[in-house]
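A.B. asks: The structure is given below, and queries will be raised subsequently.
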Amino acid sequence: MSGAPTPAARPVTPDDLRFMDTALALAFAQLGQTAPNPAVGCVIVQGRRVIAAAATAAGGRPHAETQALDIAGPLARGASVYVTLEPCAHHGRTPPCAQALIAAQVGEVIIACGDPDPRVQGRGAELLREAGVQVADGVRAAEAQALNAGFFTRLATGRPLVAQDGRAALFDADLEIGPDESFQEALDRLGRAGITRVRVPPARATAR
Ligand SMILES: [Zn+2]
């Protein structure tokens, strides 16, 4: 039923924004650590209290949701789960997070933005809804787009996001162009290697 507007389960509250901001902060802290996977933050709330919080581990797994569910244990039942990106729906090395959330019998999942990965693309939210889990989407969407800019750029173009920045920790790699390759070829190579965010250090850009 893609494209059909889904009625919101309930209005977005200030608490929703606060908990999503916590999830976003966790994810931003992992930028540069999780390629080729996106840095995702997940916060599990029960009775307006955070009972578990996690972000994608260095190297891209385990995913944020499975770690947070492990922390929450049986308390996840009926809980509100805030996640910065649509939970995955595909079987990789581990079962999909959407499945894990369903198995934990969470009450609702609040998503900042959808995952355009062709293996997910709405399927994560759909699986949850089919299982009777309430789903709200687009909470802090603009912030999530900024968070996922590198991951989304590589998905769309096969190449990483390129930015001049003094902060190496926010990037998967610095841009190094080999003697026999063009700028575009270097980006293609980095994209193939799973790099989502590549940095041009400011000093190198200005020094002669
Ligand atoms: Zn996942």
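A short reminder: the numbers here are calculations on the coordinates, not readings from a lab. Computed from a predicted structure; not experimentally measured. Using ideal geometry, Cβ is built from the backbone for each residue, glycine included, and neighbour counts are taken over all protein chains shown.
A.B. asks: Show that you can apply the helix-only estimate: for the chain, add -39,500 (n - 2.57) for every DSSP H stretch of four or more residues, divide by all residues, and state [θ] at 222 nm to the nearest 500.
C.D. replies: It lands at -9500 deg cm²/dmol.
A.B. asks: What ranking of GLU181, GLU108, GLU65 emerges when the number of other C-beta atoms within 10 Å of each C-beta is taken as an exposure proxy, fewest first?
C.D. replies: GLU181, GLU108, GLU65
A.B. asks: Take each of the peptides 167-175, 119-127, average the number of other beta-carbon atoms within 10 Å over its residues, and list them starting from the highest.
C.D. replies: Put in order of decreasing packing, that is 119-127, 167-175.
A.B. asks: Going by how many other beta carbons lie within 10 Å of each one, how would you line up THR56, THR34, fewest first?
C.D. replies: So the ranking, lowest neighbour count to highest, is THR34, THR56.
A.B. asks: Of VAL198, VAL12, how do they rank once you tally other Cβ atoms within 10 Å and put the fewest first?
C.D. replies: Final ranking by Cβ density, sparse to dense: VAL12, VAL198.
A.B. asks: What do the square roots of 5 times the Cα gyration tensor eigenvalues come to for segment 78-148, in whole Å, largest first, as semi-axes of the equivalent ellipsoid?
C.D. replies: Ellipsoid half-lengths, sorted descending, are 18, 15, 9 Å.
A.B. asks: Calculate the length of the line joining the C-alpha centroid of segment 123-163 to that of segment 21-71, in whole Å.
C.D. replies: Here the two parts' Cα centres lie 14 Å apart.
A.B. asks: Follow-up. Counting pairs of alpha carbon atoms under 8 Å apart in space and at least six apart in sequence, what relative contact order in percent does segment 36-106 give?
C.D. replies: Averaging sequence separation for qualifying contacts and normalising by length gives 31 percent for segment 36-106.
A.B. asks: Based on the alpha-carbon gyration tensor of segment 14-65 and its eigenvalue square roots a ≥ b ≥ c, which shape applies: rounded if a/c is under 1.5, prolate if not and a/b is larger than b/c, or oblate?
C.D. replies: prolate
A.B. asks: Taking every pair of distinct Cα atoms and averaging 1/r, then inverting, what Kirkwood hydrodynamic radius in Å comes out for segment 149-207?
C.D. replies: Hydrodynamic radius (Kirkwood, Cα only) of segment 149-207 equals 11.4 Å.
A.B. asks: Just check the chain against the gyration tensor rule for me: Cα atoms, a ≥ b ≥ c as the square roots of the eigenvalues, rounded for a/c under 1.5, and otherwise prolate or oblate depending on whether a/b exceeds b/c.
C.D. replies: In terms of gyration-tensor shape, prolate.
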